[in-house]
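*Asks:* Pasting a structure here, questions to come.
What follows draws every value from the coordinates through simple rules; no lab data is involved. Please read all numbers here as calculations on a predicted model, not as lab measurements. Here Cβ is always computed from backbone atoms with ideal geometry, including for glycine, and neighbour counts include all displayed protein chains.
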Amino acid sequence: MASSDFVRDTLTKWKLSNLIKIFEDQEINEESFLLLTERDIECLIPTIGPRIIFRNKHNLLVKKQQTPSNVENTKVAKSSSAVSGKNMPSTSRTTTLPGKRKSDLTDAHKQSKKQTHHATSGTIASLDSEKNTVKKVMESVRSKLDEMPSTKLTVFLRDKIKTLEKDRKQIVGVFGKTGSGKSSLINAILDETKLLPSGGQGACTTVMIQVEANMTDDQYIAEIEFITVEDWTNELWPIVDKEHDDEEDCINDNEKITALYGNDAYGKDVEELMDRKYFSKVPEFFVSHKKLISCNTAEELSEEITDFTRSDTECDPSIRKYWPLVKCLTIKVPNSKELLEHVVLVDLPGNGDCNKSRDEMWKSFVGNCSAVWIVSDISRATSEKEAWDILHNTISLLGPGGECRSIRFICTKTDDIGDVENADKHNWILTRNESTKKKVKETFNKQKELKKHFSCGEEFFQVFTVSSTEYRMGNILEQEETEIPKLKKFLRNLNDHSTRCSDYISGAYGILSLIQGAKSSDMTSSKEDVCKVLEQRLKEKLESIGQYMEKPYKDFDQCLLQGVQKSEESCEKLINEVLRGKKHGGFQVMKSICVHDGVYKPKGKNKKEINMNERLASRMRQCIDESFTFFFPNDKCGPIKAEIENFTLDTNSLFGENQSMSLHLTFLKTEEKELKAKLVFDLITKKKEIYFTLSNSIKDSMKVSYRRAAAYKGLESLKKMTEELHQHAKKEHIFEKAKDDMLDQLTKLKDHIVMQLMFKIQESLEISLKTPNSSLLPDVTEDYNKIKELMNMLDSQTNPTAFPTHSVQGPTY
């Protein structure tokens, strides 16, 4: 059968008439045209450029053709409601028609969810297809380069191809007390019912769990990382010796011992408790290896990891639990690429851990969070103090000492309506949800400490009211009304798959441009002229950035001078504050502070860490907070980041007069883009280091004093300890040193930015414009033209003039 007029007209309209014969040969009519799959399109149109155009227009056409079957019914229902005068909820929902069972609607929900998933997956598959095609090209080029003699150019090209793939993951920290619904929420978002263990009276998650995508196969995998043998031994000594600070510590210690040893621990010393017979199911613990568990289903994996994640007060003591030994557990979920390829969900306890390695990992996770989800039962969302305490206790790690760009307050269990007799439960839930959102936002707006470190615009803080149960079952609420889809959209945007793919393709395009340019005729005079222009521009831009970076230095210098004075005046008071309200005059607390270099970490689950170094730095911090938030904001573009992003050699302006140099200039443009992205990433890392410079400097300055103070015994030893610390701080000018150390870090930041731009750009100029051309390089003309066409297609969506449009006809020798 010949192609229908519909197919011919459509291809002509899309300016793809050259494909008409291909479609005719394959006997594609209107019906089969609309049913084309991704695989069909790839077979029909092997060339990347036309395939991209066709796929985009085909997707739009198919969406337009597909009209949901319940649209007319929904219109009728709304019309009937309007006539009858009944109040309808602000969010539209489908009316249950006569004869339609609730189970039918639930099936419809599931089908809708599958269609949405497939639509999104189709887009991702499309991008992956293009990226994979480019990756194969670059692998082929790399293998050819490996066969060539090593020169400055070939070594550079190999390294560039090797580092094309970058995997910088975004971390979403999920906080919430036991029973708040964290596990159920994560399960629902991933469309898994039994991945993370949830519910269970008397049981709670006790370890950090990170959830990410399994990008290799269809298995559900758990990687269990243990604390060291030394760590566990150190935890056992005070337990066995019954050195407890208070009753709560004793309860927590007993819980750990009972979990791992049951009743066998009674009367045994540390050496006996370290007998390998107690660790027979975790041989990895003694050799510092991760334990790997692989299962076919989420339910199987959940069952396998329970003993490593959950404490259970009602558990049979004869069943050994290994969660006290776990440092962190990573779960890898298959078929979650659209949400988690570049995102990690981390289920975090609200506070750190008395174990040093676990505590360090906890702080690392919190400090690296791009976003934070605070999860709270909706019935306690506005009254529960713990949810807000989590934010206050972690503010320095999330804000100035971290990279958090958004906070989401998630009210769970919205389907739990208790004994409400109102017949219209749907409206009642939606009304309560809106009321709760308003109250939570009002509470947030009163958090002065939070607002001091963030701009706190609408995008930064948002409230969600969710129901994991209704998302699956749909008894009362529509899927959209559960707001789970909104959280999935948030993760999808954070995952940013399209940008990652386009960045890879852009990098590959730059490399192929360099190879093409290096194979062409020498054009020595043109190269020299262009190189002089760009070197002069580089010099001017570097001077400009260097001058700007003096601004934060001067600003911080003034603030820190004031901070030093305030710190010296209040030093004795700050030291004594840690003892306020402590039993027995606080001797044990101060002793622990001195033994552990200024940090006291209580074992109780709800107890706060006491950090003497942070307290001593607090006055200086208060003086720089405003400047720090201005120069290093998380949730908007700060001035230093803007300086980096605005840096450019403006290679576009040289294309017109130097067409013969277009390939070299294209390479330089992609290199500049990649370097700026790396420097923005470096800025985030280094600003964290700068923020904690004050407390780290004070810790180093006080170490000798802590050691001396810890040695005091006998009468008035507490008084002697505090005097020792105060006198040392005064004598050694620790605050002045902390000021100098922070200013030194700012200088290092300026030097890093300037030197990276200078050396990396200069290296790129030398490679592209000063290195002799080589006809021995592999011929990549065909690949270059294909990827160029793809780049034009990708860039036209965001920047129509990103690259000049031209093709190459092959190298000239």
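*Asks:* Per 0.36 nm of contour for each residue apart, how much would the distance between Ile20 and Asn234 grow if the chain were fully extended, relative to their Cα-Cα spacing?
*Replies:* 69.5 nm
*Asks:* Now, a different point. Please compute the net charge surrounding Lys194, taking Lys and Arg as +1 and Asp and Glu as -1 over other residues with Cβ under 10 Å from its Cβ.
*Replies:* -4
*Asks:* Also, quick follow-up: Round to the nearest 0.05 the FRET efficiency obtained for Cys43 and Asp146 when R0 = 51 Å and r is the Cβ-Cβ distance.
*Replies:* 0.95
*Asks:* How long are the semi-axes of the ellipsoid equivalent to the range 360-443, from square roots of 5 times the Cα gyration tensor eigenvalues, in whole Å, largest first?
*Replies:* 32, 11, 11
*Asks:* Suppose R0 equals 45 Å; then what is the FRET efficiency for Asn427 and Glu459 from their Cβ-Cβ distance, rounded to the nearest 0.05?
*Replies:* Efficiency computed from Cβ-Cβ geometry: 0.95.
*Asks:* Mind listing the phi-derived Karplus ³J(HN,Hα) values for the range 632-647, rounded to whole Hz, using 6.51, -1.76 and 1.60 with θ = phi - 60°, and x for any glycine or proline?
*Replies:* 10, x, 8, 9, 7, 7, x, x, 6, 4, 4, 4, 5, 5, 7, 5
*Asks:* Return, for the Cα atoms of the range 482-602, the radius of gyration and Dmax in Å, separated by a comma.
*Replies:* Here Rg and the maximum Cα pair distance are 29.4, 85 Å.
*Asks:* Among residues other than Gln516 whose Cβ falls under 12 Å from its Cβ, what is the net charge (Lys/Arg +1, Asp/Glu -1)?
*Replies:* The answer is -1.
*Asks:* Next up: Too long at a 19 Å Cα-Cα cut-off: which of Lys15/Lys136; Lys519/Lys788; Lys131/Lys162; Lys452/Lys488; Lys182/Lys636; Lys448/Lys486?
*Replies:* Going by Cα-Cα distance, Lys15/Lys136; Lys452/Lys488; Lys182/Lys636; Lys448/Lys486 fall outside the 19 Å limit.
*Asks:* Another question about this same structure. Once each part is reduced to its C-alpha centroid, what is the distance from the range 170-197 to the range 584-648 in angstrom?
*Replies:* Centre-to-centre (Cα) distance: 29 Å.
*Asks:* Taking the Cα centre of the range 217-333 as the origin, how large is its charge dipole in debye, to the nearest 20, when only Lys and Arg (+1) and Asp and Glu (-1) carry charge on their Cβ atoms?
*Replies:* In total the dipole reaches around 540 debye.
*Asks:* Could you list which residues have their amide H under 5 Å from that of Phe692, counting only those 5 or more apart in sequence or on another chain, with H placed in the peptide plane?
*Replies:* The list, which skips near neighbours in sequence, is empty: none.
*Asks:* Once the mean 1/r over all distinct Cα pairs of the range 529-655 is inverted, what Kirkwood radius in angstroms do you read off?
*Replies:* One over the average 1/r among Cα pairs gives 18.8 Å for the range 529-655.
*Asks:* Same structure, new question: Along Cα→Cβ, 7 Å out, is where each label goes; now give me the distance between the ones at Asp682 and Asp751 in nm to one decimal.
*Replies:* If labels sit at Asp682 and Asp751, their model points lie 1.3 nm apart.
*Asks:* Here's another thing I want to ask about it. If you bin every alpha carbon distance in the range 217-333 into 10 Å steps from zero, what whole percent lands in each bin?
*Replies:* Reading the bins upward from 0: 13, 42, 32, 11, 2.
*Asks:* Based on the Cβ-Cβ distance of Gln565 and His392, what FRET efficiency does E = 1/(1 + (r/R0)^6) give at R0 = 25 Å, to the nearest 0.05?
*Replies:* 0.35
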